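The values are calculated or read from the model by the stated rules, or taken from the named source; none is laboratory data. Keep in mind it's a predicted model, so treat the numbers as computed, not measured. FYI the Cβ positions are ideal-geometry reconstructions off the backbone, even for glycines, and counts take in every protein chain you see.
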């Protein structure tokens with residue numbers, strides 16, 4: 001099996017809800033985002049999926065979050081915008097965009113700092 | 001499934017036992033430590049486990065190793081303090097601390113340099 | 001001349017003022033902070049200044065900014081909280097804390113992403 | 001299970017074949033290469049496989065590619081030298097070198113930039 | 001003085017001329033490029049120069065080199081495309097673009113690997 | 001002026017002398033070493049000094065320290081093996097090796113962790 005991973009990022013403000021501690025304060029992060037897809041076969045150029053397409057489409061989804069206050073956005077109106085929930089939101093957006101007979105979105109990982117990340121996957 | 005990973009580190013001296021080569025000399029490393037836990041569900045703040053708790057508890061275990069000569073410590077009196085054995089030692093300490101109905105410690109990875117790591121996991 | 005640099009970080013929300021573009025929206029970053037001091041001489045332990053002290057004192061200053069909305073804070077009430085102005089604010093705080101006959105604060109650098117930083121120094 | 005990963009790299013020129021876009025132009029990369037092997041048991045020095053051996057043998061394979069024009073080489077005469085195909089080529093070379101009763105080569109990952117990688121594995 | 005640095009990159013093929021060793025072979029790199037400008041004063045948004053502009057204009061210059069064979073290009077027809085000469089070429093392009101009464105291009109650094117870089121500056 | 005920097009590393013054990021705190025315990029680090037030289041002119045291959053030579057010669061000096069207990073070595077018998085003193089020791093070794101009419105060793109920086117470094121230079 002071939003797997004392809006791209007890294008990209010967005011910068012946003014958020015605050016956790018239903019939480020006690022400094023993360024309940026309005027603050028922000030650069031979130032680094034890793035998207036991993038599996039591809040069974042390669043095309044005649046040797047690609048599972050073109051990195052350019054994987055990056056461009058992922059960045060279109062991230063444009064919804066970038067330079068925004070996450071708690072103001074529809075997906076996080078009633079869901080705490082934790083890194084876990086951001087990873088799940090992105091995973092669900094991306095499986096709709098990239099899933100084909102050949103390609104499966106396997107995992108989305110969201111780093112909220114250099115030292116802490118959350119990922120979401122089906123398995 | 002949600003997975004959470006934190007990175008932390010400790011600095012120590014060691015030397016491999018039953019080994020021939022420069023690693024049998026007393027030397028040392030900054031070991032970077034990655035701990036990955038899986039969480040089935042999130043709490044109402046959107047967290048699988050609070051990164052703060054995961055870091056604080058892991059660092060308490062690492063305090064046993066940090067700024068020490070590993071071969072002097074109880075877990076490595078008769079076991080060569082290789083990165084493989086350090087990963088296993090930490091894994092076994094951490095499953096006792098973090099395992100709940102919701103949370104499973106999946107993997108502990110120990111980087112002995114920027115270019116080489118060992119991990120331990122049940123699967 | 002000896003120079004010592006420590007890296008640390010804080011996470012906060014901000015928005016530029018008097019600016020047109022996506023940075024005028026409320027958003028946030030992990031800012032990585034580099035502090036460089038020069039030391040003419042070393043003490044008998046071989047230190048220009050103890051890294052532990054340099055980190056601890058710098059982090060006390062950063063606690064004013066960490067997990068906050070910068071535009072709400074006194075230093076940025078009337079000054080746009082750009083990375084340039086954050087670097088200058090930190091520089092001015094730190095010269096008051098660290099300057100001695102032996103030690104000079106030379107530069108504070110503030111990375112607002114992995115790809116962009118601003119620094120402030122006297123020279 | 002113990003897993004060991006080493007990172008190494010090579011620098012080469014290539015161009016994709018059967019592709020339309022800037023990657024069909026002659027250009028080049030530093031490819032960072034990650035090799036992961038699984039080891040069931042450790043030897044008496046606490047090693048699954050000696051990192052030194054894993055690095056040395058991997059680098060011998062990479063010497064075929066380093067400072068070369070990949071499209072000129074036998075493995076890529078009729079196969080587009082994409083990162084996916086490079087990962088598969090390396091995987092197949094390395095399983096012949098490292099597979100024992102105790103050790104299995106699990107995955108080879110090839111980073112063509114800091115932001116994009118392809119891997120090959122059996123599962 | 002304020003200083004601003006951006007990091008960007010390009011991928012290209014090259015070979016050194018008048019050189020004996022593996023760098024005389026056609027090969028390639030991802031070159032990471034650091035551009036540092038000094039700014040005496042900030043505008044009312046708190047910026048020395050907008051990072052967006054610094055990145056966009058630098059990337060326009062890099063488009064001349066990205067996904068190309070450097071030895072084929074006009075600036076390297078008779079000059080060996082070493083990292084030193086690439087740094088100087090970029091420096092001379094960028095001083096023409098960014099120099100104002102307030103802003104000075106101080107240094108261009110070109111990393112040909114994670115472990116080796118060359119820079120060019122007037123001082 | 002052209003400047004060339006290489007990064008390399010060594011792993012060793014040490015303990016500070018005349019110090020109270022956890023650094024007086026026997027422990028160790030991976031020290032990352034940055035060597036910066038300035039070159040006025042380039043040779044006909046476009047090089048200030050060949051990176052290969054700069055790395056090879058620096059690594060020969062580091063072989064004195066790598067996989068050793070620093071306090072046992074001649075340069076640190078009576079000098080505390082702090083990062084500051086390691087940087088100075090390396091600087092003094094390297095100026096003897098690399099100084100020519102064209103090339104000057106400007107700075108040696110020694111990272112004792114990802115977050116703390118000491119450098120030595122004449123200016």
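Of note:
- When residues of segment E:83-93 are limited to those that are out of contact with any strand residue (DSSP E or B) (no Cβ under 7 Å at 6 or more places or on another chain) and within 14 Å of chain F (Cβ to nearest Cβ), the one nearest to residue F:3 (Cα to Cα): E:85
- Answer residue from segment E:94-115, given it is within 9 Å of chain F (Cβ to nearest Cβ) and surrounded by fewer than 19 Cβ atoms within 10 Å (Cβ to Cβ) and is nearest to residue D:13 (Cα to Cα) among those: E:113
- Subset of segment A:15-35 (residues that are within 30 Å of residue D:111 (Cβ to Cβ), in contact (Cβ under 8 Å) with a residue 60 or more places away in the chain and over 12 Å from the mean Cα position of the chain (by Cα)): A:29
- Qualifying positions in segment B:67-81 - surrounded by 15 or more Cβ atoms within 10 Å (Cβ to Cβ) and within 13 Å of chain D (Cβ to nearest Cβ): B:70, B:71, B:75, B:76, B:79, B:80, B:81
- The residue of segment F:49-59 that is nearest to residue C:52 (Cα to Cα), among those that are within 16 Å of the chain's Cα centre (by Cα) and surrounded by fewer than 18 Cβ atoms within 10 Å (Cβ to Cβ), is F:59.
- When the criteria are applied in full, residue B:100 fails the requirement of being in contact with a strand residue (DSSP E or B) (Cβ under 6 Å, 6 or more places away or on another chain) and within 30 Å of residue A:19 (Cα to Cα).
- Residue that is farthest from residue F:14 (Cα to Cα) [pool: residues in segment C:36-48 that are surrounded by fewer than 21 Cβ atoms within 10 Å (Cβ to Cβ) and in contact with a helix residue (DSSP H, G or I) (Cβ under 9 Å, 6 or more places away or on another chain)]: C:39
- Residue within segment A:84-104 that is part of a strand (DSSP E or B) and within 30 Å of residue A:43 (Cα to Cα) present: yes
- Flag for residue F:20 being surrounded by fewer than 17 Cβ atoms within 10 Å (Cβ to Cβ), in a loop (DSSP other than H, G, I, E, B), at pLDDT 95 or above and more than 7 Å from every other protein chain (Cβ to nearest Cβ): no
- Just one of the listed residues (F:46, F:28) is over 21 Å from residue C:41 (Cβ atoms) and either at pLDDT below 95 or away from chain B (no Cβ under 14 Å) (or both), and it is F:46.
- Residue match in segment E:2-12 (condition: farther than 21 Å from residue D:24 by Cβ, in a loop (DSSP other than H, G, I, E, B) and modelled with pLDDT of 95 or more): no
- Scanning segment D:59-77 for residues that are within 14 Å of residue D:94 (Cβ to Cβ), in contact (Cβ under 8 Å) with a residue 40 or more places away in the chain and part of a helix (DSSP H, G or I) yields D:59, D:62.
- Matching residues in segment D:26-35 - criterion: being in a strand (DSSP E or B) and out of contact with any helix residue (DSSP H, G or I) (no Cβ under 6 Å at 6 or more places or on another chain): D:27, D:28, D:29, D:30, D:31, D:32, D:33, D:34
- Boolean, residue A:38 is part of a strand (DSSP E or B), within 12 Å of chain C (Cβ to nearest Cβ) and either in contact (Cβ under 8 Å) with a residue 40 or more places away in the chain or at negative phi (or both): no
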